[in-house]
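All remarks here apply to the structure that follows.
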Amino acid sequence: MPVTSIDAYLEKNVFLLPQTDQLRAMHTIVRSRECSREDFVFYTERIIRLLVEAGLDLLPFEPHDVATPVGATYRGLRCAARLVGVPIIRAGESMEAGLRAVVRGARIGKILIQRDDATKLPRLYYSNLPQDIASRHVLLLDPMLATGGTANAAIQVLLDQGVLEENIVFVTFITVAEGIEAVCSRFPRVRIVTSAIEERLNSNAYMVPGIGDFGDRFFGTDRR
Ligand code: URA
């Protein structure tokens, strides 16, 4: 699918982490083919925490006052959403610890989608979601948003369970225009949080410059 510009989606559907020197330096470490698995896990987990925090920023908040120790009132806020994190197996499970680190007692659902060998289309193999998911906001977790096929299939699973489209935040480590276009044109109320937007997809549907196979590098199943 040729994609010309994703400018219209930025800040409306797509929230890119501030491209600070610190973030770029962490990306530099994990994108290197020489990066050890220990460094890959350590630095991707640091970035994943930033992504989860940015995802939480998109949830609704309501006024909440508290009394301070000096007897004054702090006119504050509290999160008005009930949340569930849903990693897409397997690579999305790399983001589960980051979610648990910032959301105490986080509920976690699971979805397994893989490409069907015969049809070449994404197929749902397994899902286990909280019964009350329709009344929750969902952080859908998958580090790679490349063609958008898996993401769209996972979003459809959530919608079929009654989740509102506007209550879904797709948290992804890196993405590319093709993936953004695929998700945002089909589900314009879903929001995407990412730490980088890549130049293009190659003929194997890997992002370029990219990071290689995220799941293999994170879980140590690459053949190096
Ligand atoms: N999956 C990956 O792990 N990497 C890509 O670049 C694309 C899909």
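Annotations
- Considering only Cys35, Pro69, Ile6, and ranking their Cα positions along the charge dipole of the chain that arises from unit charges at the beta-carbon of Lys, Arg, Asp and Glu, the one farthest toward the positive end is Pro69.
- Take Thr150: with every protein chain present and a 1.4 Å probe, its accessible area is about 50 Å².
- With Cα atoms, 0 to 90° folded angle of helix 37-57 axis to the chain main axis: 50 degrees
- Comparing mean-square fluctuations of Gly148, Gly212, Gly71 from a GNM of the chain with C-alpha springs under 10 Å, the top value falls on Gly71.
- Applying 1/(1 + (r/R0)^6) with r as the Cβ-Cβ distance of Arg82 and Leu124 and R0 = 25 angstrom yields a FRET efficiency of 0.55.
- Heavy-atom accessible surface of segment 14-219: percent carbon and sulfur, 1.4 Å: 49 percent
- Rg ratio for segment 34-117: its Cα radius of gyration over 2.2 N^0.38 Å, N being its residue count, equals 1.49.
- Taking Cα atoms only, the orientation of helix 177-186 departs from the longest principal axis of the chain by about 60 degrees.
- For the pair Gln131 and Arg90, the difference between a 0.36 nm per residue extended length and the Cα-Cα distance amounts to 12.5 nm.
- Residue list for segment 161-186, given a label point 7 angstrom along the Cα-to-Cβ vector of Leu10 and an amide N cut-off under 14 Å: 176-177
- Ranking Phe170, Phe187, Leu112 by Cα position along the charge dipole of the chain, where only Lys, Arg, Asp and Glu carry charges on their C-beta atoms, puts Leu112 farthest toward the positive end.
- Solvent-accessible ranking of Arg82, Arg223, Arg115, largest area first, probe 1.4 Å: Arg223, Arg115, Arg82
- The slack between Thr28 and Glu166, meaning 0.36 nm per residue of separation minus the straight C-alpha distance, is 46.4 nm.
- Rounded to the nearest 500, the 222 nm mean residue ellipticity of the chain from helices alone is -9000 deg cm²/dmol, with -39,500 (n - 2.57) taken per DSSP H run of at least 4 residues.
- Remark: the chain carries a charge dipole of roughly 340 debye about the Cα centre, counting +1 on each Lys and Arg Cβ and -1 on each Asp and Glu Cβ.
- Candidates Asn152, Asn202, Asn167: whichever shows maximal mean-square fluctuation once the chain is modelled as a Gaussian network with Cα springs under 10 Å: Asn202
- Secondary structure note: in the chain, about 40% of the DSSP beta bridges are antiparallel.
- Sites listed here are trypsin sites (Lys or Arg not before Pro) in segment 157-214 whose DSSP assignment is loop and whose Cβ has at most 14 other Cβ atoms within 10 Å: Arg189.
- Rounded if a/c under 1.5, otherwise prolate or oblate - the chain, Cα gyration tensor axes: prolate
- Per residue, the chain exposes 54 Å² of solvent-accessible protein surface, assessed with a 1.4 angstrom probe and all protein chains in place.
- Charge dipole of segment 94-134 (Cα centre as origin; +1 on each Lys and Arg Cβ, -1 on each Asp and Glu Cβ, all else neutral): 100 debye, rounded to the nearest 20.
- Label-reachable residues, segment 73-112, where backbone N falls under 18 Å from a point 7 Å from His64's Cα toward its Cβ: 73-85, 100-107
The values are calculated or read from the model by the stated rules, or taken from the named source; none is laboratory data. In this text the structure is predicted, and so the values were computed from the model without any measurement. Every residue, glycine as well, gets a Cβ built from its backbone with ideal geometry; the counts of neighbours run over all protein chains shown. Side chains are part of the model used for accessible areas, which takes the heavy atoms of the whole protein and leaves out ligands, DNA and RNA. Shrake-Rupley method; radii C 1.70, N 1.55, O 1.52, S 1.80 Å.
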